[in-house]
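**Student:** One structure follows; several queries about it will come next.
Read the figures in this text as sums done on the coordinates, not as results from a lab. The model shown is predicted, which means the values in this text are computed figures rather than measured ones. Don't worry about glycine lacking a Cβ; one is built from the backbone with ideal geometry, like all the others, and counts go over all protein chains shown.
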Amino acid sequence: MADKLVTPDDDTKAKICETTTFSSFQPCDFWTDEELAVYVHQTSMLLKAENEREKNEVKNMEVLNNGALADFMFSASEKFKLEPECKYIAMDLFSRFMTKHSVSLVEQSFAKTKKSEKRKKLLKEIRRRMKCLSPLRALTCLMIASKLVSVHSTVTPSSLKDYMKKMECNFSIKQIARSEIRVLEELNFKCFHTHSLMVYIGVLVAGSFGSWKVRIKQEVKKVEYEDVFDKSMKLLDIACLQSGKLYNELFFLATGSRNIPDHLWPEWCPIMTDRLLLAAAAVTAAGWLLGGDAMCESTATGITSNLHLNSEDVVSLTACLLRISGISLEITPHALKTEPISSPGLGKSSPTRKRKYAKKRKKSTPSIFDSSSEGNSP
């Protein structure tokens, strides 16, 4: 015999209401600065280890055109009215998928044939097919990201179908569903295997204790964390949308040449995919925009010392980010007026490294300064 449902009487209900009023709650114990510092430090170390792993995975591989990808993702995200984090999660999912997917396809094709001519044809066909399917894969990643961020505002296969139809890409709902399964399987269903750039920004802003203060005449004004975060995110948007221009500027600062030649791409791949370096530059640039030289220097010092990053790398990329954001070089803070370095990611290079770079630059000079390649982006 089933148990009867017992309902509370009026006196019991009154007691429940009395004990659950807000006035009866005890004051919450908020995190202390010391506890928050420990947590931020642990999270920062986790992000740093993750960032190193990601850089090693893309070594000697082609880097995706992040500028075009960001433009595509940002437009689609705005169209579907998604949360800001969706586009960054989607870009991360797409980059991880394309990296793993291209490797698996190449391995499969090489296992089928040993002749070099047939392999070249297979590789050409793989590139063609991946290019044709890239809009579908990118929007599939955006659909997955929307489900990860919110249960209310999500992208559906039918809405994706209508959106792609306007782009003259005709895919059925069944094909979109299959694409979602393919992406998830390729990622081994580890959607949170890495953190988005938005998380990197948040951790770096939270970790810069005591940096967000500005001295105006004789008063010390505190800059709110939210303002620093919002400004950093706007700069990050610019960095993603103008990725090619940003890293061409960095390459120019390092070598004196405007465009990255093909033979240097393996060495620059980890630099261009270094999310921790990019986030550090965005937060440092935001510090200067909100508080001038003093805040910029304290921010850069705090980030580089806490995460053991090379200060020259952060300063160099910060200068490039401010430059492409329309900040005149004449008003660039003193902390950012640095001499060109031999190579970002290498710190203070040895004379041997400098001579090696000089030889490479000398050999590739005709192609680098070719007028037809000046506008090319990596």
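**Student:** Send over the per residue convex hull volume for segment 115-175, Cα only, as a whole number of Å³. Present the calculation step by step, with values, prior to reporting the outcome.
**Tutor:** Working: hull volume 6.0 nm³, N = 61.
Here the figure is 98 Å³ per residue.
**Student:** Give the order of K55, K222 when sorted by the count of other beta carbons within 10 angstrom, beginning with the fewest. Display every interim value, and only then the final one.
**Tutor:** Numbers: K55 19, K222 8.
Listed from fewest to most nearby Cβ atoms, that is K222, K55.
**Student:** Under the 0.36 nm per residue contour assumption, what length would be gained going from the current alpha-carbon distance of K174 and E57 to full extension? It would help to have the intermediate numbers written out before the result.
**Tutor:** Details: separation 117, 0.36 × 117 = 42.12 nm, distance 3.20 nm.
Full extension of this stretch gives 38.9 nm more.
**Student:** Right, another one. Stretched out fully, how many nm does the piece from E34 to K48 gain, at 0.36 nm a residue minus the Cα gap? Display every interim value, and only then the final one.
**Tutor:** Working: separation 14, 0.36 × 14 = 5.04 nm, distance 2.09 nm.
In short, 2.9 nm is gained.
**Student:** What does the charge count near I324 come to, summing +1 for each Lys or Arg and -1 for each Asp or Glu among other residues with Cβ under 9 Å from its Cβ?
**Tutor:** Numbers: positive: K245, R323; negative: E249.
Computed value for this residue: +1.
**Student:** Picking from L142, H101, T156, whose Cα lies most toward the positive end of the charge dipole for segment 80-186 (charges on Cβ: Lys, Arg +1; Asp, Glu -1)?
**Tutor:** The residue sitting farthest along the positive end of the dipole is H101.
**Student:** Sorting check: for 96-102, 149-155, which peptide has the highest mean count of neighbouring beta carbons within 10 Å, and how do the rest follow?
**Tutor:** Numbers: 96-102: 18.9, 149-155: 14.1.
The packing order, highest mean first, is 96-102, 149-155.
**Student:** Another question, if that's okay. Using only the alpha carbons of segment 80-186, determine the length spanned along each of the three principal axes and report them from longest to shortest in whole angstroms.
**Tutor:** Answer, in whole Å and largest first: 52, 25, 19 Å.
**Student:** Also, quick follow-up: Can you work out the FRET efficiency for the pair H41 and D262, with r the C-beta to C-beta distance and R0 = 51 Å, to the nearest 0.05?
**Tutor:** Working: r = 40 Å, r/R0 = 0.78.
Step by step, r from the Cβ atoms, then E = 0.80.
**Student:** Find out how many positive minus negative residues lie around L277, taking Lys and Arg as positive, Asp and Glu as negative, among other residues whose Cβ is under 13 Å from that of L277.
**Tutor:** On the way: positive: K48, K55, R275; negative: E52, E54, D274, E312, D313.
Surrounding charge for L277 is -2.
**Student:** Please give the length that would be gained between E226 and L123 if that part of the chain were fully extended, namely 0.36 nm times their separation in residues minus their C-alpha to C-alpha distance (nm, one decimal). Write down the numbers at each step before the final one.
**Tutor:** Working: separation 103, 0.36 × 103 = 37.08 nm, distance 4.73 nm.
Taking 0.36 nm per residue and subtracting the Cα distance, the gain is 32.4 nm.
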